[in-house]
Amino acid sequence: MTETAPAKLNLALHVTGRRDDGYHLLDSLVAFTVLGDRVRLEPGPLALRIDGPFAADLSTDGNLCLRAARLAGADAAITLTKSLPVASGIGGGSADAAAVLRGLARMGHALPARPERLGSDVPVCLSSAPARMQGAGEILTPLPPLPGLSVVLANPGIALSTPQVFAALDRRDNPGLPAIPCFTGLADLATWLAGTRNDLEPAALTLAPVIGQVLDGLRTTGAAFARMSGSGATCFGLYATADTARIAANALKQHGWWAVATELAPPLMPR
């Protein structure tokens, strides 16, 4: 039983408040890429093995994949192939947990109530489809599929603490997103995004100024739009063609950064 765990992109992310329990309120346009991690489930006692390019950066202790299986009340031997950087703002751990829950559902286990208990990105990662994500991640409004645009993901090789980024915010009561139209291509998506923000980006820049260099690199290699995703430090650029995206990714790698060309993914097919 194999499930993909697509990388999550916050194309826009507005911080609109904070609840009494400390959780921040968000308003975000979320999309997913073809690139992602992979989860394999087999019958057996609950166990986790991690391989892949970023396996060394993860521990099995307290891993979200195991927590997801326990929340579902299921046992399985889990293999996680980690292709995305850890703690990088593209929902890797949440996407992995969501993939475990989807796989267990295919094996006959019910999806647990309130999956946001595993993390605010887990509900949107369960569907891995374009959505407007609000509240603390639990309010989802499905959106029409986005155009299959070429994307470059770039990370300078640093892990950012999400709580530290939120703590560095200057303001937590920003206005929400404008109305989200149906996008037909790169031009109208880039134009709409230019009128939005990632409210976490300035805070992340104070903690890791190199993020600004990554964004400059994306723009100078031809991105029609570039922004940091989530709490960083991964940034994304939208490109006109797959060839320009591949050339850009190769150029960014010359700085010693992780960079890869991919594309916005269609919604996962129901099984």
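The values are calculated or read from the model by the stated rules, or taken from the named source; none is laboratory data. None of these values were measured; they are calculated from a predicted model. Positions of Cβ are generated from backbone atoms using ideal geometry, with glycine treated the same way; all protein chains shown enter the neighbour counts. Ligands, DNA and RNA are excluded from the accessible area calculation, which covers all protein heavy atoms including side chains. Shrake-Rupley method; radii C 1.70, N 1.55, O 1.52, S 1.80 Å.
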Kirkwood Rh and Cα Rg combined as Rg/Rh, segment 109-235 | 0.96
Compactness check, segment 122-187: C-alpha Rg relative to the 2.2 N^0.38 Å globular estimate gives 1.40
With point charges of +1 on the Cβ of Lys and Arg and -1 on the Cβ of Asp and Glu, referenced to the Cα centre of segment 2-135, which listed residue (SER28, LEU111, GLY93) lies farthest in the positive direction of the dipole?
-> LEU111
Reduced to Cα centres, the span from segment 145-197 to segment 1-58 in Å works out to 16 Å
Which trypsin sites (Lys or Arg not before Pro) in segment 11-62 pass both tests, a DSSP loop state and at most 14 other beta-carbon atoms within 10 Å?
-> ARG19
From DSSP H assignment alone, runs of 4+ in the chain each adding -39500 (n - 2.57), the sum over residues rounded to the nearest 500 puts [θ] at 222 nm at -8000 deg cm²/dmol
What percent do you get for the relative contact order of segment 1-58 when only Cα pairs under 8 Å and 6+ apart count?
-> 39 percent
If ASP173, ASP61 are ordered by their accessible area, calculated over protein heavy atoms with a 1.4 Å probe, which sequence runs from highest to lowest?
-> ASP61, ASP173
Correct choice for semi-axes √(5λ) of the Cα gyration tensor in Å that was computed from the model, options (1) 38, 25, 15; (2) 34, 19, 18; (3) 28, 21, 19 | (3)
